[in-house]
Number of protein chains: 2
Amino acid sequence: MARAAGVSPTTVSHALNGKGVVRRETEERIRQVAARIGYRPSAIARGLRNSRLGLLGLIIRPFDTLDSFIPAGVDYFLRIAGSASLTAMEHGYSLMMVDDPSKRGRPVSALAADGYVVTEPFENDPVLSLLERERIPFVAVGADIARRDEFVTMDTLADKQAVQMIEHLVSAGATRVALVVGTDRNAWNLDSRDAYLDWCARVGQDPLWIAIPEAQGERAGEIALDRFFGEGAADAPDAVYCLMGRQASGIARAAVARGISVPDELLVAAGSGALQNQTMHPTVTAFDLQPEVIAQRAVEAVIRLIEGEAVETPFEAPEALLHLRESTQRV
Amino acid sequence: MARAAGVSPTTVSHALNGKGVVRRETEERIRQVAARIGYRPSAIARGLRNSRLGLLGLIIRPFDTLDSFIPAGVDYFLRIAGSASLTAMEHGYSLMMVDDPSKRGRPVSALAADGYVVTEPFENDPVLSLLERERIPFVAVGADIARRDEFVTMDTLADKQAVQMIEHLVSAGATRVALVVGTDRNAWNLDSRDAYLDWCARVGQDPLWIAIPEAQGERAGEIALDRFFGEGAADAPDAVYCLMGRQASGIARAAVARGISVPDELLVAAGSGALQNQTMHPTVTAFDLQPEVIAQRAVEAVIRLIEGEAVETPFEAPEALLHLRESTQRV
DNA sequence: CTGAAAGCGCTTACAG
DNA sequence: CTGAAAGCGCTTACAG
């Protein structure tokens with residue numbers, strides 16, 4: 001490029017980046033030559049020089065325990081990924097998806113991003129430890145429950161949402177609310193459970209809850225119903241709050257199959273709406289956590305960290321939107 | 001790192017990469033020091049040296065015309081993205097998603113990948129031209145219809161699928177089959193349409209088809225029904241093949257709303273199943289294009305190109321699986 | 001068996 | 001206003 005324009009690399013760099021001082025005409029000529037020969041500075045060389053590639057990493061931790069990388073019907077994380085990509089683009093960054101860069105056999109490039117967004121980290125998550133040790137900026141979406149105040153974190157407000165939904169179920173006629181959570185040890189599962197137990201203690205209800213592995217997906221329906229309505233079904237619930245939309249679908253479907261009417265005998269609600277909750281029959285009441293907004297805020301926060309600006313922590317997730325549907329509306 | 005181990009960078013490089021010759025004990029010691037201080041070679045420096053970052057790019061072209069980056073209910077591309085990420089990982093690469101790296105204002109890093117998978121390129125797609133000009137290896141998933149034999153391409157077999165589905169509709173009782181495609185000028189839309197027109201000519205049916213912008217999503221239902229059943233509805237169809245699952249949902253829903261029974265009066269089928277086709281009522285017959293397998297094969301092909309191996313072209317997509325559902329089964 | 005040197009393509013402090 | 005030099009952290013051909 002420098003040769004093509006008949007100047008030094010220094011001058012090319014100055015002209016194209018508007019740094020030093022370059023005579024107007026020289027800059028003009030350099031730009032023209034660049035356009036003509038289709039010159040694009042190497043992102044890699046620039047990255048080496050600036051120790052910044054213009055690359056962000058998105059680490060969706062729950063994928064680590066799910067059976068496939070993007071399981072069917074988990075649109076929450078897909079909406080996260082799409083919005084994160086777009087937001088990154090808008091700020092001049094590319095975005096790559098990696099699962100766990102600390103795993104053996106992971107490409108070195110998995111750790112080459114300028115910063116990371118880590119969704120739903122586990123308790124004492126080794127990925128966060130690694131990023132911290134490498135001094136790579138990152139934002140946790142949902143706290144590491146063992147180290148709540150150590151990292152820049154978006155509070156996803158699972159506890160508030162649990163209370164809000166339980167109260168909705170009660171106002172819809174529930175007298176005994178059960179809870180279904182996943183088994184990953186993250187803030188989403190554990191804060192929801194704790195909020196539920198608190199609520200039970202407060203209103204004097206005997207807690208009834210079960211943790212089912214995320215990878216079970218809709219199969220959680222059968223498992224939960226066996227637990228709630230099998231054998232000694234004396235204390236059977238008349239409402240269930242499931243964190244995952246797929247669990248809620250599974251429960252609604254399994255309940256109907258067993259002759260338990262939804263919503264007349266059992267109210268069902270989901271903490272994070274999946275697409276099928278809108279289209280199945282009956283449709284299922286769910287929160288829309290606004291994953292697009294979550295991803296946007298998290299990406300913008302990590303970019304600020306990368307660029308040396310301050311980020312308040314914890315900062316809040318957008319408000320969850322409660323979509324009322326057939327599964328909690330008795331007529 | 002070299003200092004910490006008391007050897008030269010050369011020896012570190014040799015030891016850690018198993019290249020040159022290093023005394024057993026020296027290598028051992030270097031590995032131990034590396035583990036102790038948590039040394040990881042810089043992917044960027046290595047990338048500059050090898051002109052290879054270990055990074056792949058996934059360019060999903062239809063996003064360019066859709067209204068949001070990842071529209072709700074388009075699980076096809078999400079399954080592509082997930083599987084592509086996973087496959088890349090398994091081969092020692094990371095994967096980033098970009099929309100159009102040739103757009104102004106795109107981060108330079110958007111062109112820093114070692115190779116790209118470009119799904120559903122447009123006719124004379126400028127992205128393919130750019131990659132070719134920059135001599136960056138890439139694989140097209142679906143042909144650039146203006147340049148079918150110029151690039152390494154996966155043939156997605158849209159024409160065969162169209163014929164197969166139309167014949168299924170006929171065997172399910174259709175006497176007049178209409179077609180709904182999108183407006184993007186890509187092989188998926190145009191090859192399907194051509195196959196349909198050929199089929200019409202062959203059996204002597206008067207063609208009845210409409211192209212509706214992809215971004216309309218389910219709203220395509222109303223639009224298509226206005227066209228097929230509005231005003232001069234003399235030649236109304238009794239079956240519709242829609243390429244997109246969302247279009248099929250929209251049509252089935254809109255038909256029922258207008259008092260047209262599905263499947264009794266109108267058979268509906270989709271060329272690429274969306275999740276809601278399985279959960280809505282009636283469920284909609286659709287192809288599962290096996291996007292996971294498509295992505296896996298495409299990623300493996302581009303890796304072979306990057307590593308200098310030959311790739312046959314065109315190579316074939318996996319067989320589309322036909323899922324028969326209520327929308328094409330009269331009882 | 002080990003290391004000094006050159007170079008990947010940029011940017012930046014500095015000299016002219 | 002422009003350019004020569006150094007250096008970002010690696011790898012590789014080559015010398016010892």
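Scan region B:15-28 and report the pairs whose first residue is closer than 13 Å to B:P41 by Cβ and whose second residue is among the aromatic types (F, W, Y) and within 9 Å of DNA strand D (Cβ to nearest atom), with Cβ atoms within less than 9 Å and a gap of 6+ or a chain change.
B:L16/B:Y39
Does B:G57 count as within 13 Å of chain A (Cβ to nearest Cβ), of a type outside the set (K, R), surrounded by 18 or more Cβ atoms within 10 Å (Cβ to Cβ) and in a helix (DSSP H, G or I)? Write out each step before concluding.
Working: within 13 Å of chain A (Cβ to nearest Cβ): yes; of a type outside the set (K, R): yes; surrounded by 18 or more Cβ atoms within 10 Å (Cβ to Cβ): yes; in a helix (DSSP H, G or I): no.
Considered against the rule, which asks whether it is within 13 Å of chain A (Cβ to nearest Cβ), of a type outside the set (K, R), surrounded by 18 or more Cβ atoms within 10 Å (Cβ to Cβ) and in a helix (DSSP H, G or I), B:G57 comes out as no.
In region B:92-140, what residues are facing another protein chain (nearest Cβ under 8 Å), part of a helix (DSSP H, G or I) and among the aliphatic types (A, V, I, L, M)?
Passing the criteria: B:V108, B:A110, B:L111.
Are any residues in region B:18-36 away from DNA strand C (no atom under 12 Å from the Cβ) and surrounded by 11 or more Cβ atoms within 10 Å (Cβ to Cβ), and if so, which ones?
Passing the criteria: B:R31, B:Q32, B:V33, B:A34.
Answer yes or no as to whether B:Q216 is assigned to a loop (DSSP other than H, G, I, E, B), farther than 24 Å from B:R148 by Cβ, without any contact (Cβ under 8 Å) to a residue 40 or more places away in the chain and outside the structural domain of B:D125 (by TED's automatic domain parsing).
no
Restricting to region B:76-86, count the residues that are under 12 Å from A:P107 (Cβ atoms) and more than 7 Å from chain A (Cβ to nearest Cβ).
0
Do we have any residue at all in region B:243-252 that's under 23 Å from B:R185 (Cα atoms) and in a loop (DSSP other than H, G, I, E, B)?
no
Only one of these conditions is not met by A:H14: (1) touching a Gly at 6+ places or on another chain (Cβ under 9 Å); (2) more than 12 Å from DNA strand D (Cβ to nearest atom); (3) in a helix (DSSP H, G or I). Which number is it?
Going through the list (1) touching a Gly at 6+ places or on another chain (Cβ under 9 Å); (2) more than 12 Å from DNA strand D (Cβ to nearest atom); (3) in a helix (DSSP H, G or I), A:H14 breaks only (2).
Would you confirm whether or not region A:36-49 contains a residue that is modelled with pLDDT of 90 or more, closer than 30 Å to A:S129 by Cβ and more than 8 Å from chain B (Cβ to nearest Cβ)?
Yes, region A:36-49 contains at least one residue that is modelled with pLDDT of 90 or more, closer than 30 Å to A:S129 by Cβ and more than 8 Å from chain B (Cβ to nearest Cβ).
Checking B:A269 against (1) outside any strand (DSSP E or B); (2) under 26 Å from B:C200 (Cβ atoms), which test does it fail?
Checking B:A269 against (1) outside any strand (DSSP E or B); (2) under 26 Å from B:C200 (Cβ atoms), the one that fails is (1).
Condition test on B:A45, is it part of a helix (DSSP H, G or I), away from DNA strand C (no atom under 12 Å from the Cβ) and either outside the structural domain of B:S109 (by TED's automatic domain parsing) or under 27 Å from A:A113 (Cβ atoms) (or both)?
no
Checking the condition within 16 Å of DNA strand C (Cβ to nearest atom), touching a strand residue (DSSP E or B) at 6+ places or on another chain (Cβ under 9 Å) and not assigned by TED's automatic domain parsing to the domain that holds B:G182, which residue from B:D114, B:D99 passes? Can you show your working first?
Working: B:D99 fails: within 16 Å of DNA strand C (Cβ to nearest atom).
That would be B:D114, the only listed residue that is within 16 Å of DNA strand C (Cβ to nearest atom), touching a strand residue (DSSP E or B) at 6+ places or on another chain (Cβ under 9 Å) and not assigned by TED's automatic domain parsing to the domain that holds B:G182.
Might you let me know whether region B:20-38 holds any residue that is aliphatic (A, V, I, L, M) and away from DNA strand D (no atom under 15 Å from the Cβ)?
Checked against the condition, which is being aliphatic (A, V, I, L, M) and away from DNA strand D (no atom under 15 Å from the Cβ), region B:20-38 yields no hits at all.
Scan region A:215-235 for residues that are under 12 Å from A:A255 (Cβ atoms) and in contact with a helix residue (DSSP H, G or I) (Cβ under 7 Å, 6 or more places away or on another chain) and jot them down.
Passing the criteria: A:G221, A:E222, A:A224, A:L225.
Yes or no: region B:165-180 includes at least one residue that is at pLDDT 95 or above, of a type in the set (S, T, N, Q) and in contact with a strand residue (DSSP E or B) (Cβ under 6 Å, 6 or more places away or on another chain).
no
Do we have any residue at all in region A:2-13 that's out of contact with any helix residue (DSSP H, G or I) (no Cβ under 8 Å at 6 or more places or on another chain), modelled with pLDDT of 90 or more and within 15 Å of DNA strand C (Cβ to nearest atom)?
Within region A:2-13, one or more residues are out of contact with any helix residue (DSSP H, G or I) (no Cβ under 8 Å at 6 or more places or on another chain), modelled with pLDDT of 90 or more and within 15 Å of DNA strand C (Cβ to nearest atom).
All but one of (1) out of contact with any helix residue (DSSP H, G or I) (no Cβ under 7 Å at 6 or more places or on another chain); (2) assigned to a helix (DSSP H, G or I); (3) of a type in the set (G, A, S) hold for A:S261; which doesn't?
Result: A:S261 passes all but (2).
Which ones in region A:272-285 are at pLDDT 95 or above and in a loop (DSSP other than H, G, I, E, B)?
First pass over region A:272-285, keeping only residues at pLDDT 95 or above: A:284-285.
Listed by number, the list holds a single entry, A:V284.
Take the residues in region B:29-42 that are among the small types (G, A, S) and in a helix (DSSP H, G or I); name whichever of them is farthest from A:A43 (Cα to Cα). It would help to see each step written out before you state the result.
Step one: list which residues in region B:29-42 are among the small types (G, A, S), which gives B:34-35, B:38, B:42.
Then drop every residue that is not in a helix (DSSP H, G or I), which leaves B:34-35.
On the way: B:A34: 28, B:A35: 29 Å.
Looking at the filtered set, the residue picked out is B:A35.
The values are calculated or read from the model by the stated rules, or taken from the named source; none is laboratory data. Quick caveat: nothing in here was measured; it's all calculated off a predicted structure. Please note: Cβ atoms are built from the backbone with ideal geometry, for glycine as well, and neighbour counts cover all protein chains shown.
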